[in-house]
Structures are given as C-alpha cells and as structure tokens.
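Structure first, commentary second.
The values are calculated or read from the model by the stated rules, or taken from the named source; none is laboratory data. Here the structure is a predicted model, which is why all the values come from computation and not from measurement. Note that each Cβ is placed from the backbone with ideal geometry, even for glycine, and that neighbours are counted across all protein chains shown. Each accessible area value is taken on the protein alone, full model and side chains, heavy atoms only, with ligands, DNA and RNA left out. Shrake-Rupley method; radii C 1.70, N 1.55, O 1.52, S 1.80 Å.
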Amino acid sequence: MLSSPIIAVVTRETRLAGLQARWGTARAAKFRIQHFAGHEVAVRRKAKIAAGATEEDLDALALEEEADALADADVYESEDERYQNAVQHVQRSLKQLNLGYRIKTIDRAFLPNFDFQGAVMVVVIGPDGLVANAAKYAGELPIIGVNPDPSAYDGVLLPFGVREAASAVRRTIERRAKFREVTLAEATTNDDQRLLAFNDFFVGAASHVSARYTLEADGRSEPQSSSGILISTGAGSTGWLSSVFNMNAGLCRLLGQPEPPRVDLAWEDRRLMWVVREPFVSRHSGADLTAGFLNEGDQLVVGSQMPTGGVIFSDGVEADYLEFNSGSIARIQVAKQRARLVSAG
C-alpha cells in the first residue's frame, strides 16, 4: 500500500541547538559562553594594566560590555526562539489548510538520504542557504522559501513571510503559482559519483595545500597547480565568484589600471562560469587556462593528481562533497535538472 503524498518542510538546527548538542543543555552552553566572556574580561584587564592603566582607570562595566558583545549569549536564545516560533507557525498553518497531504519535517542533516518521491512540494524555512541545499535533492518539485526572521536574513531565496507560507502552498497546489527555474551545475566522475550545485562547485584540496590536476577546456589541456577551481551558476555569480572580481579590481586600482567588467549571470542562464584560483606557473604547471564559460552541452574536464585530500565541494557545504583523488576524472557541466522556486510575484 502506497503512503499518502506529503508536503516536505525543511528546517535546520539553530546555533543554540548546535551548542546544546556540544555541551549537553542550553543552560550549560550559555554558562560556557559567559565563562569565555569572563575570561576575556580578565585578559583585557591584564592588557590595560600592562599598558600602564591603574585599577582606578579601569571601567569594569565597559570591559564586561565589550566582552559580552563578542560572546552575546542572549543572541543565541532569541534567535532560536524566533526560528522555533516560525517553524511552529508554518506547520500549524499548513495543517489547517486541510489539503489532504501529510506534513513531514526534515532536518537539513537528513536531506541527502531523504526520498522526495512521495512529496508534492518542498517548503524551506530559511536561511537562504537552506533553499540552495534543499534544491539539489528535491528534483523538480516546487520549492517555497519562507523567511523566518526578516531582520536577520536577506531573503533573496525566501520571498514569503511566515504568515504567507500557507497561501503560497495553496496557490501551488491549485496550479496558480509562478516559478523561477534556476540553472544548476552538475559534476560527475569516472567512478559514477554525481553531485549538483545550486551556487557553485569548488574543485581542489580540502586543506590549504596546492591542488594538482589536469584541466581540459575548449579543446585545450594543461597541468595546473592552484588554490582550486571555482565553477559558478547564475544564482552563485553574486556570491563566491564575486570575490574573484573584488580581488581583481583591487589589484587594478593598486596598479592604476581600469577595473574589468563584472559578470552577473541570470539565475535562468544556461551557462556556468569557471575560474582558476591563484594558478602557479612552474616547470610542471601552467596558467594559460584560467577562466571561461560553459554553455549548455559543454564540459570542463578535470583529472586529479592529488594522492589524498582532493575534493569537489558543492555550495561550500563540507558535507556535500565528492572525493577527488589521483585517478579520478570529473566532468562539470550545466545540469538538465533545474530548481523550481515559487516566486511571490
């Protein structure tokens, strides 16, 4: 007997929950944070005395406020409370719709192993990065991004407020919703591993050592040693990729040269942009192939020459990676699958 279809609600662990998992209870976590802040007060007091201040010169309250601002245990509690209230409100409002679908809540940690085949849509309760993470596993299901705290999150991928989530779900069920179809990137390896990226791929070494590999693009091939290769989608072009342009622009200003134009791909653009980070020229490595575009159907082929520690990261999430060691060959291209984001307009 087949189980009834579901509306999948994707949530994530708050920072307080992470601290609670580490220290056992929220109370213990807050005590540890306050303990660290107290230690910082002592460090700052000692430094001021060493610089010539007397006990009379020291303002203990100011020192405590400075240390508390760095630790700020109360922020974790208020952030957790706002997020949990948002989750509960969305869950409650979806159940009240009585659409005949079960509501299934999935924590971000379980996304790679969750079977979305029984789902009719995915509701993601932010932040923005959670939408990007869920989109890689949701296939072409409609994705509704909900902003649980507009004061904390930009909400580029979260067009709906907590009180708007239910109506967005109803419009989607009734086929009245509008969508943005976002281009994804796909990486496959010669040992049949596959990974998708919403924003970008990083191909390189897991640590700060140089990555060694061969690169094939536009019918040309080159052995390289670099800080890794960044491959960006349109959605990711204003993120990590933009830092490459920032660095380039800074060098141009330093040298008195005009800044080069920036690339800003549309989310729907069926192209990817790739760039080699800090390529090093030596007897064994070159830097002729440093950047380019991948149109639909094109492939960037990378052969690992790293005995250990080679990786392909997706969207900067360390849990989303493929091992990429010597003998592995990766092909990166525009994915056939697209993310279907429900839009507010």
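Structure summary
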| quantity | calculated |
| --- | --- |
| Count - residues of the range 212-230 that are out of contact with any Lys or Arg (no Cβ under 9 Å at 6 or more places or on another chain) and closer than 16 Å to TYR321 by Cβ | 1 |
| Residues of the range 259-271 satisfying the condition of being modelled with pLDDT of 95 or more and touching a Phe, Trp or Tyr at 6+ places or on another chain (Cβ under 7 Å) | ARG271 |
| Matching residues, the range 229-240, being free of Cβ contacts under 8 Å to residues at least 40 places away in the same chain and either open to solvent by less than 30 Å² (accessible area, probe 1.4 Å) or more than 18 Å from ASP154 (Cβ to Cβ) (or both) | SER237 |
| Leading residue by the ranking (nearest to GLY145 (Cα to Cα)) among those in the range 155-171 that are open to solvent by 20 Å² or more (accessible area, probe 1.4 Å) and more than 24 Å from the chain's Cα centre (by Cα) | GLU164 |
| Entirely in the range 1-118, the helices (runs of 4 or more DSSP H) that have 3 or more residues that are modelled with pLDDT of 60 or more | 15-23, 26-50, 73-96 |
| Subset of the range 241-291 [acidic (Asp, Glu), within 28 Å of VAL182 (Cα to Cα), in contact (Cβ under 8 Å) with a residue 40 or more places away in the chain and open to solvent by 50 Å² or more (accessible area, probe 1.4 Å)] | GLU268 |
| Unmet requirement for PRO307, which otherwise passes all of (1) modelled with pLDDT of 95 or more; (2) open to solvent by less than 80 Å² (accessible area, probe 1.4 Å) | (2) |
| Yes/no for ALA152 being in contact with a Lys or Arg (Cβ under 9 Å, 6 or more places away or on another chain), open to solvent by 10 Å² or more (accessible area, probe 1.4 Å) and part of a loop (DSSP other than H, G, I, E, B) | yes |
| Flag if ALA132 is open to solvent by less than 20 Å² (accessible area, probe 1.4 Å), closer than 15 Å to GLN337 by Cβ and not in a loop (DSSP other than H, G, I, E, B) | yes |
| Selection within the range 182-193 - open to solvent by 20 Å² or more (accessible area, probe 1.4 Å) and either touching a Cys at 6+ places or on another chain (Cβ under 8 Å) or touching a residue at least 12 places away in the same chain (Cβ under 8 Å) (or both) | GLU186, THR188, ASN190, ASP191, GLN193 |
| Residue check for PHE179: open to solvent by 60 Å² or more (accessible area, probe 1.4 Å) and either in contact (Cβ under 8 Å) with a residue 24 or more places away in the chain or not in a loop (DSSP other than H, G, I, E, B) (or both) | yes |
| Any hit, the range 188-200, residues being among the basic types (Lys, Arg) and within 30 Å of ARG340 (Cβ to Cβ) | yes |
| The lone exception for PHE324 - which of (1) modelled with pLDDT of 95 or more; (2) touching a helix residue (DSSP H, G or I) at 6+ places or on another chain (Cβ under 9 Å) it fails | (2) |
| Matching option when the condition is of a type outside the set (Asp, Glu) and under 27 Å from PRO159 (Cα atoms), among ARG283, ARG271 | ARG271 |
| Pairs, first under 21 Å from LEU16 (Cα atoms) in the range 78-100, second among the acidic types (Asp, Glu), C-beta under 6 Å, six or more apart | ARG82/ASP149 |
